[in-house]
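Working notes, structure below.
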Amino acid sequence: MKDPINIKFMWTSDEAVIAHTSHRMHSCRKPFRFAANLIAILAMLAGIYRIVVFGWAFFPVVVFAGGFYWLFVRRYDLAWAVRRRFKKRPDKDKMVNWVISEDALHSSVEGIGEATIQWESISKVVHAPKGFLFYPNDQIYNWFPHTGFTRENDIAKVAELAKSKVAKFIKLV
């Protein structure tokens, strides 16, 4: 790869929510998410059954509410929490520019500063449906949204480069 790959995007609260959602998708695998959702559905059904058969009581309402929260409210609650934390970040609503080459990853944030990250410091890369997550450790990640790539074929180039440079490459479906 001769030409470096440029990724330029505005770091907004919406991007932060998408990045965090992608991180959560990777952190909790599909079988566990399926099991948690199944438990929530069963909790809602059990709560409804207890209310219908035995009448209103505290425990069945709490069980139903817990399942309802997990299935329908939690994603909005988590997005709200990410947006709330995002308001306190010094890089909020700043233009972010990443340059990825075979040697290193170079980032610059408008009005904040610049940094260079060596490939050796990246422990894994996750290719999520809407972008890439580059992890120096299990909880900290750098976000590269697909919308920030200047050329469409650069997405495939980053995936191939990451596969060759990082020990652990994961593609989420």
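The values are calculated or read from the model by the stated rules, or taken from the named source; none is laboratory data. Please read these numbers as outputs of a predicted model, since none were measured by experiment. So basically every Cβ, Gly included, is an ideal-geometry build from the backbone, and we count neighbours across all protein chains shown. Remember, those area values only see protein heavy atoms, side chains included, never the ligands or the DNA or RNA. Shrake-Rupley method; radii C 1.70, N 1.55, O 1.52, S 1.80 Å.
A quick yes/no check of all residues on (1) more than 16 Å from I5 (Cβ to Cβ); (2) modelled with pLDDT under 95; (3) of a type in the set (S, T, Y):
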site: D103; (1), (2), (3): no, yes, no
site: H106; (1), (2), (3): no, no, no
site: G111; (1), (2), (3): yes, yes, no
site: F134; (1), (2), (3): no, no, no
site: Q139; (1), (2), (3): yes, yes, no
site: W143; (1), (2), (3): no, no, no
site: D154; (1), (2), (3): no, yes, no
site: K165; (1), (2), (3): no, yes, no
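Right, T150: under 20 Å from D3 (Cβ atoms), of a type in the set (V, I, T) and touching a Ser or Thr at 6+ places or on another chain (Cβ under 9 Å) or not? Here the answer is no, as T150 does not meet what is asked.
I'd like the full set of residues that are of a type outside the set (A, V, I, L, M, F, W, C) and either open to solvent by less than 80 Å² (accessible area, probe 1.4 Å) or in contact with a strand residue (DSSP E or B) (Cβ under 8 Å, 6 or more places away or on another chain) (or both), limited to the stretch 152-173.
From the stretch 152-173, those of a type outside the set (A, V, I, L, M, F, W, C) are 152-154, 157, 160, 163-165, 168, 171; that's our starting set.
Residues satisfying the conditions are D154, K157, K163, K168, K171.
Is it the case that the stretch 2-15 has a residue that's farther than 26 Å from N142 by Cβ and assigned to a helix (DSSP H, G or I)?
To start, the set of residues in the stretch 2-15 that are farther than 26 Å from N142 by Cβ comprises none.
No, there is no match, as no residue in the stretch 2-15 is farther than 26 Å from N142 by Cβ and assigned to a helix (DSSP H, G or I).
If you check K30, K2 for being without any contact (Cβ under 8 Å) to a residue 24 or more places away in the chain, under 19 Å from T150 (Cβ atoms) and open to solvent by 90 Å² or more (accessible area, probe 1.4 Å), only one passes: K2.
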